[in-house]
Amino acid sequence: MLEIQSLSAGYGGPPVLNKVSLSLHPGEIVAVVGSNGAGKTTLLNTVAGLLRPVSGHVLLDGRVIGGWATERIVRAGLSLVPEGRQVIAPLSVEENLLVGAYGRRDGRHAETLEAIYARFPRLKERRRQMSGLLSGGEQQMLAIGRALMAGPRVLLLDEPSMGLAPLVVSEIFALLSNLNRQGIAVLLVEQNARKALALASRGYVLEGGRIVLEGRAADLAASPAVVAAYLGAE
Ligand code: ATP
């Protein structure tokens, strides 16, 4: 459903992403792991339309979306949960959620908001509170809820575990598994390779802007190169 073909992208200088190809099929959770600066955020931002590809293609359901405006990509069914959550701190929880429905044209805002409150009772309790007052875990839930407000079929997540306690990370990952069972395909970028590969069915290793390994998540998690580079320290 999402096909990334030989994608190169960057910030005007030498490309940060170098001919990256990956795919996400319906029903899948796919992990992209890699260390700091490998290009993970650049990859997601390019797919979500925040950066223009230098070369290569991004296809959603067979249609080329590379170069489209973010709003159009969101309407086509792909939403990004950005690195660092990016909740709008002075706005209330509910206002942040409504931002996620901006541009949605099917009139299902109220219904989706209720579904999100049913899924995240803590967000409902705090819906009038300033988002900046939420805990890190709650802000991550809010960032995911905001992305869900657009009714996506594909969800991209950039380091959702960053800065969160292990128990909260487990809660977030259980949520992703649940969303996936309900039909949302998930592309998960993580430095927490152990957790990401445990959740995903397939994975890719990104190093220096290139895919250096790919395969079944269980095989990657058992591969000596991945263990040495990403799993050894834990
Ligand atoms: P991290 O986990 O630290 O976010 P990452 O794998 O997501 O790492 P990117 O954020 O995509 O990596 O960064 C890849 C490279 O692109 C780095 O060398 C970084 O310095 C460079 N880079 C990132 N953002 C910009 C920018 N706005 N302008 C110029 N260079 C950038």
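The values are calculated or read from the model by the stated rules, or taken from the named source; none is laboratory data. For clarity, every value in this text was computed on a predicted model and none was experimentally measured. We place every Cβ from the backbone using ideal geometry, glycine too, and count neighbours over all the protein chains shown.
Scanning region 135-149 for residues that are closer than 30 Å to VAL58 by Cβ and in a helix (DSSP H, G or I) yields GLN139, GLN140, MET141, LEU142, ALA143, ILE144, GLY145, ARG146, ALA147, LEU148. Filtered by the rule that a residue be of a type outside the set (S, T, N, Q) and either in contact (Cβ under 8 Å) with a residue 24 or more places away in the chain or in a strand (DSSP E or B) (or both), region 13-25 gives PRO15, VAL16, LEU17, LYS19, VAL20, LEU22, LEU24, HIS25.
Go through region 34-49 residue by residue and tally those that are among the hydrophobic types (A, V, I, L, M, F, W, C) and either at pLDDT below 95 or in contact with a His (Cβ under 9 Å, 6 or more places away or on another chain) (or both).
Taking region 34-49 first, the residues among the hydrophobic types (A, V, I, L, M, F, W, C) are 38, 43-44, 47-48.
Within this subset, residues satisfying the condition of being either at pLDDT below 95 or in contact with a His (Cβ under 9 Å, 6 or more places away or on another chain) (or both) are 38.
Total meeting the criteria: 1.
Within the bounds of region 26-45, is there any residue that is among the hydroxyl-bearing types (Ser, Thr, Tyr), outside any loop (DSSP other than H, G, I, E, B) and closer than 14 Å to VAL212 by Cα? For region 26-45, residues among the hydroxyl-bearing types (Ser, Thr, Tyr), outside any loop (DSSP other than H, G, I, E, B) and closer than 14 Å to VAL212 by Cα: absent. Restricting attention to region 88-120, the residues that are buried (at least 18 other Cβ atoms within 10 Å of the Cβ) and either under 19 Å from the mean Cα position of the chain (by Cα) or basic (Lys, Arg) (or both) total 6. For region 81-100, a residue qualifies if it is outside any loop (DSSP other than H, G, I, E, B) and within 16 Å of the ligand (Cβ to nearest atom), and exactly one does: VAL81. Residues in region 15-45 that are surrounded by fewer than 15 Cβ atoms within 10 Å (Cβ to Cβ) and within 10 Å of the ligand (Cβ to nearest atom) were compared, and the one that is farthest from GLU190 (Cα to Cα) is GLY37. Answer with yes or no whether LEU78 is more than 14 Å from the ligand (Cβ to nearest atom) and in contact (Cβ under 8 Å) with a residue 40 or more places away in the chain. So LEU78 passes the test. Can you give me the ranges of the strands (runs of 3 or more DSSP E) entirely in region 150-234 with at least 3 residues that are more than 16 Å from the ligand (Cβ to nearest atom)? It comes to 210-216.
Entry remark, region 46-69: residues being more than 16 Å from the ligand (Cβ to nearest atom), touching a residue at least 12 places away in the same chain (Cβ under 8 Å) and not in a loop (DSSP other than H, G, I, E, B) number 5 in total. The condition of being under 26 Å from LEU60 (Cα atoms) and loosely packed, with under 14 Cβ neighbours inside 10 Å holds for GLN182.
Restricting the search to region 185-211, which residues are loosely packed, with under 14 Cβ neighbours inside 10 Å and either aliphatic (A, V, I, L, M) or within 14 Å of the chain's Cα centre (by Cα) (or both)? Within region 185-211, ALA198 is the sole residue that qualifies.
Between GLY103, GLY132, GLY107, which is farther than 22 Å from TYR204 by Cα, part of a helix (DSSP H, G or I) and not charged (D, E, K, R)? Quick ask: steps written out before the conclusion?
Details: GLY103 fails: part of a helix (DSSP H, G or I); GLY107 fails: part of a helix (DSSP H, G or I).
The conditions single out GLY132.
Only a single item in (1) within 16 Å of the ligand (Cβ to nearest atom); (2) in a helix (DSSP H, G or I); (3) of a type in the set (Ser, Thr, Tyr) is not met by THR112, and it is number (1).
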